[in-house]
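Colleague: This is the structure I have questions about; it appears just below.
The values are calculated or read from the model by the stated rules, or taken from the named source; none is laboratory data. What you see is a predicted model; the values in this text were computed from it and never measured. Quick reminder, even Gly has a Cβ in these numbers, built from the backbone with ideal geometry, and neighbours come from all protein chains shown.
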Amino acid sequence: MRALWAGFALSALVLIAAAWQWGHAEQLRRSQELAAVAGELQNLGEQLRAWPADRGLRQSLGELLAHPRLGYARFDLRDGKGAVLLQLGRYDALDLPLPRPLREALRSGIYRVSSYPGELVLRDHDGAWRGLLQLRLLKSRRQLHDPVIRTMQGAARMQGLLGLLLLGGFALLLYRQARPVPDWSSRLLPADTPPRPRARRGDGQPDPYAAGVRQRVGRALDGLAYGLILVARDGRIVYTNDTAEQLTGWLRADVQGRLVYTVFRTLGEDGIPEVTPAEACIRDGQDLPPQARALRARNGETRPIEVMSCLLRDHDGVVDGAAMLFRDMSVAIRQNDELRRQARLSQGVVDHLDEGLLTTDPAGVVRFANARAQRMFGYSRDEMAGVTVTKLMPVPFLNTPGVRIGDYIGARPAAHLPKVVGWRKDATTFPVELWVQPMSVDDSSGLVVIIRDITERLRGENLASRLGRLLDSAMEEIYIFDAQTLYFLEVNRGAQRNLGYGLDQLSMMTPLQISEDLDAAMFQSYLGRLRGGDTGHLSYRCRHRRADGSSYPVEVRLNFSREEEPPVFMAIVADISERQAAEERLHQLAHFDALTGLPNRTVLKDRLDQALLAASRNARLVGVFFIDLDRFKPINDRHGHEVGDRVLRAVAERLKQGLRSTDTVARLGGDEFVIVAQGLRTREDAGRLAQKLLDSFQAPLQLDELSLPVTPSIGIALYPLVETDTEGLLRYADSAMYQAKQAGRARYHLFEADLAPERRRRLELQREVHTAIALNQFRARLQPVMAARGSAVTAALLRYDWQHSRHGVIGEDEAALAAQQAGVRADLELWGVYRACELLSEAERVGAAMPPLLVEISAFQLRTADFGLYVADLIDRFRIAPSQLILALRVPDGETLLLHDAAQALVRRGLRFGLHAGAVATSVPEGAPLLCLLEVSAALLVAGQGELPALARQHGMELLVRDVDEPAQAAALVEAGVGHLGGEALLPPQDLADFLLRLQQHPLQPL
């Protein structure tokens, strides 16, 4: 036996050696063939050098492929970077009626079978590397007559023949030696089982051979998930495998000898138990084919199964019992149900397609039509079955010879194919767009035909074409741009012509890129209003920038179209260059002097009105300077009106040069000019400006060869020193100008109004209060607040007065009123907070205990971050406890209190707030933080008749009266529920040092 195997191995080695020698000879032959074709193809390197300008390379490769003796099968030409330049093959034109992947695989297999690969580096005449040519040569075309190769091939053939003969002989001998006589029963038994003796019928002894077979077969069926039950002739169970135990719920030990119908219980459709397949098989004497049943397990669970049964016979052919083979079908049924559900879902998806879908046989007979196709042609599903494509679409398949449905296979139909028209059941027609694809399922083939009704699309295209021609001929610029990306989708020819851009360039641009002065945020707000439906359209003006850099003014009318998918904006743009120039000319004529270009009386009055409004807010003076030229008439009479006009223009230039950018100079007519100067602080400021103007005219006017001395006379009226309106100021300034002329010309005169001393004082305080705050001309003092019952000091009121250089000491109320009218009340309050922090820091530095300081502020200060950040900075800078400050808020009636996050942060740090009551009907404003104090005046408390104490108790606030004037008044206030008192009658305001001395005389009980 070993010798036979050794001979078999030797034969195999002979075959391997023959195959190796044949392969070596074939490799040598292919190398010689590739060396032979290298000379034929080397001139391609020079042609590749001129690629792609020289297109002759494709023709050269095509001629090489077509040559019958050269034997080229395929060329793949690549450049120096590996990119494919050309691909040509002998079988590329092979077009079989197969699916594209299968067609490509078949073509590749033909190339591999009929040819072998090679590659050649292409160089030009200079030796430079130009590319790589990968080629395939046909195996049977080139015949090289090399004796060495022929000798090697002959030797390989002889070795192969010898090896085959030896291998066949040794294989036959091995087969005869090793062929056994099959004993299938012994193969199912363990290897150590002794030979089976012939059993005698009726001896009652268990058969070990049969038991072994049962176990081996049972385990094999367990691997296949089949249950096995062996039943004797009397219907009792002999054997069950593990799968049968799982499916029936009965253990093998429990079922041994039991009647089969008590274990294997199958139910009919009405739930009545049925005869088991094993019993039926024994009863009928024939095998039972597979059938579906419902099996009830021992635990009452019912599951679907597939069961079959066959008879068991002994050696004499006598029926010895039956075997039942069954399996659980639950998973298979669920899978089938899922497949049916998927089929219904697929049917529903196909029926909901917008296109009609037909499946046909190769002859064009309809086998299936979706719901859309049925509605499209007007047929029912049954009527569509068996209908031909030529009946549904007679144009072109019926009336055009040679046109078949297969011509439309592939992608979109080519332009040379005729248009397709559908024919409905009611004989109406409609245009159709057609896609056809081959379909192959199992052994059957057919076509999938997708039909789209393009009636609406053609109508829309015709309408769009008509509208496009109309829009292109319009004079306005028309832009349609995407609502999300803002890129232009359509631009008419008028816009392209005006901008100088092509349609390709504009498709990569947005409205912001062609607009010079269009703010992006403002443009987005326009679009947002249109998207939100706030308005149907809106208009705005901007400038469009041309491709050459120039620009022109336009008026844009913007609309939003939600009906488009995706939504778009449409802008209709009109060039308003001529209209804007005309408007500017009209505006210039209406508002400016034609001779000098200065503002006329209309503009003067408007700017003077604005200056008066500003002066009422900032407590500054507005000066009106009325100017008249001295001895202008002699110049006009002597030199003529032309020189007079030149003099007026020169005077206008000198006046403008002597003014600030905020001042206005206007010409009223003739030689009269008016200057409006804002922001003057004092009368002296007006005098200095007038003198500056007079000094600018000391030098004569130089007009070519003429030198003309010209001087002005100036009259000045100051608002609000002169309380009047615009016309009154001009009138008073005109009167002052005549007084200047009467005084000798070339001078100015200030109109003096008769003002009451009290009003003059009030105006001066308003003008100077800002400077007083900046120069720290205010003095801070502290007034103790006493507990209503006892003598303890609970807090201190921050009081202040103004140390004025001319008017002496200005009280707190008058100073606060001046700051209010001057618009700097907030600055004065910030100064108060600063001084309070500074005083607390000084007291802490000397080691003196201080009660909390009460500072009044306006509630509007808490709305912005500046106040909160400023107070937080003061607390950190002076290192004081936030609880040492109590800010009493003055809130107008009915106003909601808004706290910025910075103010909320102060509350969290421990800063406390109180409420200053300005009226009897005071209430806690909405949005107020937790208030600890209600500050009122004595007169207001009496007038309220108990309302304010009730308000304080309701919100848990302490009640403070700050202006107790008489000691007797204090007792009445205590009876009214006041907890804290302050005022001149108790303790007057004092400097910090005196205040600290006074604290030593009273106990300290901080609020």
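Colleague: Which condition does Pro1006 not pass, out of (1) part of a loop (DSSP other than H, G, I, E, B); (2) more than 22 Å from Val785 (Cβ to Cβ), if it passes all the others?
Modeller: Pro1006 satisfies every listed condition except (2).
Colleague: Report whether or not Gly356 is of a type outside the set (S, T, N, Q), surrounded by 11 or more Cβ atoms within 10 Å (Cβ to Cβ) and either in the same structural domain as Gln437 (by TED's automatic domain parsing) or under 30 Å from Glu383 (Cβ atoms) (or both).
Modeller: Working: of a type outside the set (S, T, N, Q): yes; surrounded by 11 or more Cβ atoms within 10 Å (Cβ to Cβ): yes; either in the same structural domain as Gln437 (by TED's automatic domain parsing) or under 30 Å from Glu383 (Cβ atoms) (or both): yes.
Yes: the conditions hold for Gly356.
Colleague: What are the residues in the stretch 826-837 that are crowded, with 16+ Cβ neighbours inside 10 Å and either more than 22 Å from Leu960 (Cβ to Cβ) or not assigned by TED's automatic domain parsing to the domain that holds Gly910 (or both), if any? Explain how you work it out, then say what you get.
Modeller: In the first step, residues of the stretch 826-837 are kept if they are crowded, with 16+ Cβ neighbours inside 10 Å; the result is 826, 828-837.
Result: Ala826, Leu830, Trp831, Tyr834.
Colleague: Here's another thing I want to ask about it. If you scan the stretch 304-321, which residues turn out to be in a strand (DSSP E or B) and under 16 Å from Ala232 (Cβ atoms)?
Modeller: Our first condition is that a residue be in a strand (DSSP E or B); within the stretch 304-321, this holds for 304-313, 319-321.
Within the stretch 304-321, Ser309, Cys310, Leu311, Leu312, Arg313, Val319, Asp320, Gly321 qualify.
Colleague: Going by what's in this entry, would Ala843 be described as surrounded by 17 or more Cβ atoms within 10 Å (Cβ to Cβ), within 24 Å of Leu911 (Cβ to Cβ), among the aliphatic types (A, V, I, L, M) and in contact with a Gly (Cβ under 9 Å, 6 or more places away or on another chain)?
Modeller: On the way: surrounded by 17 or more Cβ atoms within 10 Å (Cβ to Cβ): yes; within 24 Å of Leu911 (Cβ to Cβ): yes; among the aliphatic types (A, V, I, L, M): yes; in contact with a Gly (Cβ under 9 Å, 6 or more places away or on another chain): no.
So Ala843 fails the test.
Quick grid of which residues meet (1) part of a loop (DSSP other than H, G, I, E, B); (2) in the same structural domain as Leu41 (by TED's automatic domain parsing):
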residue	(1), (2)
Pro97	yes, yes
Glu104	no, yes
Gln134	no, yes
Gly169	no, no
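Colleague: Quick test for you: out of Thr664, Thr682, pick the one residue that is surrounded by 19 or more Cβ atoms within 10 Å (Cβ to Cβ) and hydroxyl-bearing (Ser, Thr, Tyr). Reasoning before the result, please.
Modeller: On the way: Thr682 fails: surrounded by 19 or more Cβ atoms within 10 Å (Cβ to Cβ).
Checking each option against the conditions leaves just Thr664.
Colleague: Sticking with this one: Quick one: which of Ser525, Ser550 is at pLDDT 90 or above, exposed (fewer than 14 other Cβ atoms within 10 Å of the Cβ), under 16 Å from Asp575 (Cβ atoms) and among the hydroxyl-bearing types (Ser, Thr, Tyr)?
Modeller: Ser550
Colleague: Note down all Cβ pairs under 9 Å where the first residue falls in the stretch 102-126 and is under 15 Å from Gly89 (Cβ atoms) and touching a residue at least 40 places away in the same chain (Cβ under 8 Å), the second is loosely packed, with under 11 Cβ neighbours inside 10 Å and polar (S, T, N, Q), and they're at least six residues apart or on different chains.
Modeller: Qualifying pairs under 9 Å: Ser114/Ser140.
Colleague: I want to confirm something. Restricting to the stretch 949-1003 and keeping residues that are assigned to a loop (DSSP other than H, G, I, E, B), farther than 13 Å from Ala788 by Cβ and of a type in the set (A, V, I, L, M, F, W, C), which single residue is nearest to the chain's Cα centre (by Cα)?
Modeller: Met957
Colleague: Within the stretch 668-687, track down each residue that is farther than 20 Å from Glu653 by Cα and outside any strand (DSSP E or B).
Modeller: The answer is Arg681, Thr682, Arg683, Glu684, Asp685, Ala686, Gly687.
Colleague: If only one of Gly679, Gly670, Gly687, Gly658 is of a type in the set (Gly, Ala, Ser) and either touching a helix residue (DSSP H, G or I) at 6+ places or on another chain (Cβ under 6 Å) or outside the structural domain of Gln610 (by TED's automatic domain parsing) (or both), which one is it?
Modeller: Working: Gly679 fails: either touching a helix residue (DSSP H, G or I) at 6+ places or on another chain (Cβ under 6 Å) or outside the structural domain of Gln610 (by TED's automatic domain parsing) (or both); Gly670 fails: either touching a helix residue (DSSP H, G or I) at 6+ places or on another chain (Cβ under 6 Å) or outside the structural domain of Gln610 (by TED's automatic domain parsing) (or both); Gly687 fails: either touching a helix residue (DSSP H, G or I) at 6+ places or on another chain (Cβ under 6 Å) or outside the structural domain of Gln610 (by TED's automatic domain parsing) (or both).
Exactly one residue qualifies, and that residue is Gly658.
Colleague: Conditions: (1) assigned to a helix (DSSP H, G or I); (2) within 53 Å of the chain's Cα centre (by Cα); (3) over 24 Å from Arg799 (Cβ atoms). Pro929 meets all but one. Number of the miss?
Modeller: Pro929 satisfies all of (1) assigned to a helix (DSSP H, G or I); (2) within 53 Å of the chain's Cα centre (by Cα); (3) over 24 Å from Arg799 (Cβ atoms) except (1).
Colleague: Looking only at the stretch 574-590, which residues are over 24 Å from Glu476 (Cβ atoms) and either among the hydrophobic types (A, V, I, L, M, F, W, C) or surrounded by 15 or more Cβ atoms within 10 Å (Cβ to Cβ) (or both)?
Modeller: Leu589, Ala590
Colleague: Moving on to the next point. In the stretch 57-105, what residues are closer than 20 Å to Leu132 by Cβ, loosely packed, with under 13 Cβ neighbours inside 10 Å and aliphatic (A, V, I, L, M)?
Modeller: Hits for the stretch 57-105 are Ala83, Val84.
Colleague: Let me ask something else about it. Considering only the stretch 805-823, state which residues are among the charged types (D, E, K, R) and either under 12 Å from Gln766 (Cβ atoms) or in the same structural domain as Arg617 (by TED's automatic domain parsing) (or both). Write out each step before concluding.
Modeller: Step one: of the stretch 805-823, the residues among the charged types (D, E, K, R) are 806, 812-814.
If the condition is that a residue be among the charged types (D, E, K, R) and either under 12 Å from Gln766 (Cβ atoms) or in the same structural domain as Arg617 (by TED's automatic domain parsing) (or both), then Glu814 is the only one that fits.
Colleague: Could you tell me whether the stretch 626-644 includes any residue that is closer than 30 Å to Leu708 by Cα, under 58 Å from the mean Cα position of the chain (by Cα) and not small (Gly, Ala, Ser)? First the steps, then the outcome.
Modeller: Here is the first cut: in the stretch 626-644, the ones closer than 30 Å to Leu708 by Cα are 626-644.
Remaining after also requiring under 58 Å from the mean Cα position of the chain (by Cα): none.
Checked against the condition, which is being closer than 30 Å to Leu708 by Cα, under 58 Å from the mean Cα position of the chain (by Cα) and not small (Gly, Ala, Ser), the stretch 626-644 yields no hits at all.
Colleague: Need a quick list: strands (runs of 3 or more DSSP E) entirely within the stretch 746-804 having at least 1 residues that are in contact with an Asp or Glu (Cβ under 8 Å, 6 or more places away or on another chain), assigned by TED's automatic domain parsing to the domain that holds Ala938 and not small (Gly, Ala, Ser). Don't jump to the end; show me each part of the working.
Modeller: Working: elements: 748-750, 778-787, 793-804.
Output list reads 778-787, 793-804.
Colleague: Something else now. Name the single residue that is nearest to the chain's Cα centre (by Cα) among those in the stretch 434-446 being more than 9 Å from Ile409 (Cα to Cα) and surrounded by 17 or more Cβ atoms within 10 Å (Cβ to Cβ).
Modeller: So in the stretch 434-446, the residues more than 9 Å from Ile409 (Cα to Cα) come out as 434, 439-446.
Imposing the further condition that a residue be surrounded by 17 or more Cβ atoms within 10 Å (Cβ to Cβ) reduces the set to 434, 446.
Numbers: Leu434: 38, Gly446: 46 Å.
Step by step, filter the stretch 434-446, then rank; the result is Leu434.
Colleague: Right, next: Please specify each residue of the stretch 504-522 satisfying the condition of being under 20 Å from Pro566 (Cβ atoms) and surrounded by 12 or more Cβ atoms within 10 Å (Cβ to Cβ).
Modeller: So the first thing to find is which residues in the stretch 504-522 are under 20 Å from Pro566 (Cβ atoms), and the list is 506-512.
Residues satisfying the conditions are Leu506, Ser507, Met509, Thr510, Pro511, Leu512.
Colleague: Condition (residue is surrounded by 18 or more Cβ atoms within 10 Å (Cβ to Cβ) and among the small types (Gly, Ala, Ser)) applied to the stretch 598-611: is it met by at least one residue?
Modeller: yes
Colleague: Considering each residue of the stretch 863-881, count those that are more than 43 Å from the chain's Cα centre (by Cα) and crowded, with 16+ Cβ neighbours inside 10 Å, and give that number. Write out each step before concluding.
Modeller: The initial filter retains those residues of the stretch 863-881 that are more than 43 Å from the chain's Cα centre (by Cα), namely 874-881.
Then keep just the ones that are crowded, with 16+ Cβ neighbours inside 10 Å; that gives 874-875, 878, 880.
Total satisfying the criteria: 4.
Colleague: Turning to a different aspect of this structure: I'd like the residue in the stretch 488-511 that is among the aliphatic types (A, V, I, L, M) and free of Cβ contacts under 8 Å to residues at least 60 places away in the same chain and, out of all such residues, is farthest from Ile572 (Cα to Cα).
Modeller: Of the stretch 488-511, the ones among the aliphatic types (A, V, I, L, M) are 489, 491, 495, 499, 503, 506, 508-509.
From what's left, free of Cβ contacts under 8 Å to residues at least 60 places away in the same chain: 491, 499, 503, 506, 508-509.
On the way: Val491: 10, Leu499: 14, Leu503: 17, Leu506: 16, Met508: 19, Met509: 17 Å.
Residue satisfying both the conditions and the ranking: Met508.
Colleague: Also: Need a quick list: helices (runs of 4 or more DSSP H) entirely within the stretch 175-276 having at least 1 residues that are at pLDDT below 70, surrounded by 15 or more Cβ atoms within 10 Å (Cβ to Cβ) and on the phi > 0 side of the Ramachandran plot.
Modeller: Numbers: elements: 184-188, 208-223, 242-248, 252-255, 260-263.
The helices (runs of 4 or more DSSP H) meeting that bar number zero.
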